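The values are calculated or read from the model by the stated rules, or taken from the named source; none is laboratory data. Since we're looking at a predicted model, the values are computed, not measured. Here the Cβ positions follow ideal geometry from the backbone for every residue, glycine too, while neighbour counts run over all protein chains shown.
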Amino acid sequence: MRVPTGPARRSTIMSTDALTITHALVEAATTGGYAPSIQDTQPWRWRIAGKTLDLYSQRHRGLDATDLDTRLATLSCGAALHHARVSLAAQNWHPVITRMPDPTDRTYLAQLRVDERAPVEPEAIQRLRTITVRHTDRRPVSGSRPTADALSAVAASVEAEETALQFLDPDQVRTLTRAADLARQAGAEDAPWHAELAYWTDLTQGDRDAVAFAVLSGRTDRPAAWLRAGEALSAGWLTATEQGLTVLPLSAPVEVDGTRETLHAMITDGGHPYLVLRLGTADPALPGPPQAPRLPSRQSIERS
């Protein structure tokens, strides 16, 4: 076989490099599709062009009635962005990330560009494995409360993504439960958040002693902060899974004005609440929930 030389050899190398990069970006976008999303809306869309992977939100997959400002959709896309980051790191690529790259297009959330290799991080390899087993778990929890060390590890992962995680004490949980119950009674019976507020009330009364409730929050209530909060949610959730904890996100307390104001007053640094999380240990006697179906790649990944 004749070995290419000169310009032909350079062209072959460039072609091979381009295919390698494209493969890495496809893998990253596919991995992003496994991210958690509020009410399983999966509101993301990826576009691959050359060395870049662009992330967009899909407004038609959002929660139109309760997420008019797209806070929850943007947060969900942030979780997908973090999953994609993990994938690239596990493939020993170092992406340059630009968040909110176009101020005139609020659906254009981030761009990842791969230009150089980086040493593979063992943590990224472990995280990539964890992504495949992470899931939302609404099962009742066991009687063992999460340990302080496990909760500290989750909080550290969240804070590394420039987002705060504040654990609520029993009095704060009771205050939030009362606020949620009042909001539920005052709201329309068919409001989209009605059932989840009722679920929150039952949840806090049923297994309050066996779980930890926490608020994901940030310093601003703007899209860039929501995106980072989604990345933090992914990072904290993966750590919780590795610590043997289940995570259940609860959006209704943030969707309703009254309970959001109650949460805002509880945050010690004056931050804005984005999401409430329940962390616990699943009852081993109960079967695990199935993973939610994922969108086919043709519906979420485009190639230019």
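Tabulated values for the structure
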read-out: Filter pass, residue 6 being at pLDDT below 95, more than 25 Å from residue 157 (Cα to Cα) and crowded, with 20+ Cβ neighbours inside 10 Å; value: no
read-out: Qualifying positions in the range 263-293 - of a type in the set (Gly, Ala, Ser) and either surrounded by 12 or more Cβ atoms within 10 Å (Cβ to Cβ) or part of a helix (DSSP H, G or I) (or both); value: 265, 271, 280, 282, 288, 292
read-out: Selected residue (criterion: surrounded by the fewest Cβ atoms within 10 Å (Cβ to Cβ)) from residues of the range 114-164 that are of a type in the set (Lys, Arg) and outside any loop (DSSP other than H, G, I, E, B); value: 117
read-out: Some residue of the range 273-295 being among the aliphatic types (A, V, I, L, M) and in contact with an Asp or Glu (Cβ under 7 Å, 6 or more places away or on another chain); value: yes
read-out: Residues of the range 21-59 satisfying the condition of being in contact with a His (Cβ under 7 Å, 6 or more places away or on another chain) and not small (Gly, Ala, Ser); value: 31, 34
read-out: Criterion (farther than 23 Å from residue 101 by Cα and not acidic (Asp, Glu)) met by exactly one of 160, 195, 224; value: 195
read-out: Any chance residue 265 is of a type outside the set (Lys, Arg) and touching a residue at least 24 places away in the same chain (Cβ under 8 Å); value: no
read-out: Residue match in the range 53-63 (condition: outside the structural domain of residue 221 (by TED's automatic domain parsing), surrounded by 17 or more Cβ atoms within 10 Å (Cβ to Cβ), of a type in the set (Gly, Ala, Ser) and in a loop (DSSP other than H, G, I, E, B)); value: yes
read-out: Some residue of the range 271-294 being of a type in the set (D, E, K, R), over 22 Å from residue 44 (Cα atoms) and at pLDDT below 95; value: yes
read-out: Residue 106 being assigned to a loop (DSSP other than H, G, I, E, B) and either crowded, with 18+ Cβ neighbours inside 10 Å or not assigned by TED's automatic domain parsing to the domain that holds residue 157 (or both); value: yes
read-out: Spans of helices (runs of 4 or more DSSP H) in the range 192-262 with at least 2 residues among the basic types (Lys, Arg), farther than 20 Å from residue 174 by Cβ and at pLDDT below 90; value: none
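One line per residue, one yes/no per condition, for (1) in contact (Cβ under 8 Å) with a residue 12 or more places away in the chain; (2) more than 18 Å from residue 241 (Cβ to Cβ); (3) assigned by TED's automatic domain parsing to the domain that holds residue 211:
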{"position": "87", "(1), (2), (3)": "yes, no, no"}
{"position": "102", "(1), (2), (3)": "no, yes, no"}
{"position": "112", "(1), (2), (3)": "yes, yes, no"}
{"position": "117", "(1), (2), (3)": "yes, yes, no"}
